[in-house]
1. Looking at the range 198-248, which trypsin sites (Lys or Arg not before Pro) are in a loop (DSSP not H, G, I, E or B) and have at most 16 other Cβ atoms within 10 Å?
2. So between Arg259 and Glu368, what do we pick up on full extension, going 0.36 nm a residue minus the alpha carbon distance?
3. What chymotrypsin sites (Phe, Trp or Tyr not before Pro) does the range 114-189 have in DSSP loop regions with at most 16 other beta carbons within 10 Å?
4. Working out 0.36 nm times the residue gap between Val201 and Glu339, then minus their Cα-Cα distance, what length gain in nm do you get to one decimal?
5. At 1.4 Å probe size, with every protein chain present, just tell me what the per residue accessible area of the range 113-263 comes to in Å².
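The values are calculated or read from the model by the stated rules, or taken from the named source; none is laboratory data. Note that this is a predicted model, so its numbers are computed, not measured. Note that each Cβ is placed from the backbone with ideal geometry, even for glycine, and that neighbours are counted across all protein chains shown. Just so you know, the surface numbers come from the protein's heavy atoms only, side chains and all, with ligands and any DNA or RNA stripped out. Shrake-Rupley method; radii C 1.70, N 1.55, O 1.52, S 1.80 Å.
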Amino acid sequence: MAPAEQVLPKARARSLRRRLLLGILLPLVVLIGFNTAALYRQALDAVNTAYDRTLLASAKSIGEQLEVEGDGNAARLRATVPYSALEIFEADNQSRLFYRVSEQNGRLVSGYEELPLWRGRIPDRPPYAALVDFYDAEFRGSAVRVAVLLQPVSSSRGHAIAVIQVAETLQLRRGLAQQILIDTLTGQAVLVLVIGLVVVVVVQSATRPVRQLSTELRERSEGDLRPLAARDAPRELLPVVDATNQVMRRLRHQLDQQRRFMRDAAHQLRTPLAVLKVQVQSALRGDVAPTDALHEIGATVDRATALAQQMLSLARVDQARHEPAEHDGPHDLGAIVRELALEMSPLIAARDLDFSIATVATPVAAAEWMQRELARNLLHNAIRHTPPGAALQLRVEQQGREAVLTVADSGPGIDEELRGRLFQPFAAGSSSGGTGLGLAICQEIVRSVGGSIELLDRREPDGAVSGLDVTVRLPMAAHAAV
């Protein structure tokens with residue numbers, strides 16, 4: 001027997017622990033990845049909101065420095081905004097602020113003339129209680145964030161609308177965003193490692209009973225088929241333990257049957273071989289005429305050959321019962337029985353039996369050789385037990401979804417002493433002249449195809465036994481016509 005580790009190729013073997021770890025950690029990593037992206041976006045939005053608020057504050061600060069000169073339509077804006085007024089809004093030396101103050105017609109009032117004039121519109125619902133708009137642009141080769149504030153400016157003599165633009169470079173924002181991303185990824189990576197460690201420990205602990213069970217099975221000797229105790233096995237493992245114990249019970253039962261069969265076979269073969277040896281020695285000594293000795297030796301060899309063939313048939317049927325793939329078909333039981341009756345017609349004629357046969361088409365999903373072996377053993381037994389000149393009937397019919405084979409002989413019936421062990425191997429009566437394997441073979445065939453076999457004495461009105469009826473019921477093929 002191959003070692004346990006060679007029963008399944010390693011390339012096909014799947015680790016339960018690996019499947020559990022991957023099944024838990026992969027969805028967890030994906031979920032944490034989405035969560036990390038969401039946290040980063042939320043943090044970035046909060047940073048942008050804070051810096052946009054600073055830009056708005058700087059624009060309002062500039063708006064406070066504006067005045068109006070002139071009257072009516074001739075009113076003009078005037079601004080005196082030193083750059084030092086914006087330095088308080090610069091967070092550090094990484095970012096720079098630029099501004100532009102224009103009238104609504106685009107005339108520059110103060111600030112950087114090369115800063116592009118705002119051409120947008122104020123949102124219907126601005127984020128702050130002011131006429132403000134935020135947008136991204138490029139100024140002097142650098143990306144900037146621009147806040148636009150429409151600031152009304154009035155005096156006792158006139159009024160005007162100032163367009164105040166404040167632009168800030170994005171170095172600080174990007175640096176802060178990168179720092180937030182690094183911090184978020186670091187925290188989530190630590191979380192994944194902690195969860196992964198916990199999952200590994202839990203999975204390792206949960207699969208320990210499986211490893212213990214496999215170790216116990218691997219360390220057993222070849223003949224040890226005792227049931228597994230597994231008292232501490234988890235509830236989910238109990239079905240596997242129960243199924244393993246059932247397999248062990250079936251194996252133990254099968255091994256017991258094999259041992260008993262081998263013991264009985266050895267005993268049964270010993271007798272004809274001993275008889276054959278005696279006959280050969282007697283012929284060599286000249287105690288028996290050569291022709292008589294050869295006839296006796298031939299008869300003994302025939303009995304031993306029949307016994308060996310029956311034993312091989314029983315072994316083949318037992319193998320087929322454990323390998324359902326061999327049950328091909330369907331095959332017509334009626335046609336098989338008629339062919340078999342024709343083959344055995346010389347035996348029937350030799351005993352001058354009143355033989356009758358009636359069959360109908362009955363497709364059975366079983367191997368042809370199994371159906372033939374079943375019918376052969378039943379018919380051979382019936383021929384041997386039917387007195388010369390007596391009646392022997394053979395019928396194949398349909399009853400519902402079953403094919404029914406009936407063999408009715410005119411023999412003495414079943415001996416009560418033999419009835420209890422009728423289907424056991426080598427259970428033939430002392431006067432039957434058979435090997436005692438025929439009915440055992442029949443029962444194994446019937447079991448293998450899910451059928452049944454019944455032996456019933458047929459009695460006259462006065463209670464006398466007039467023969468034996470053997471009835472075999474086999475399930476018909478699924479698509480057979482009823």
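1. Sparse-neighbourhood loop trypsin sites (Lys or Arg not before Pro): Arg220, Arg231.
2. 36.3 nm is the gain from fully extending Arg259 to Glu368.
3. Details: sites: Trp118, Tyr128, Phe134, Tyr135, Phe139; in loops: Trp118, Tyr128.
Here the sparse-neighbourhood loop sites are Tyr128.
4. Numbers: separation 138, 0.36 × 138 = 49.68 nm, distance 6.94 nm.
Extra length from Val201 to Glu339 when fully extended: 42.7 nm.
5. Details: 9920 Å² over 151 residues.
I get 66 Å² per residue for this part.
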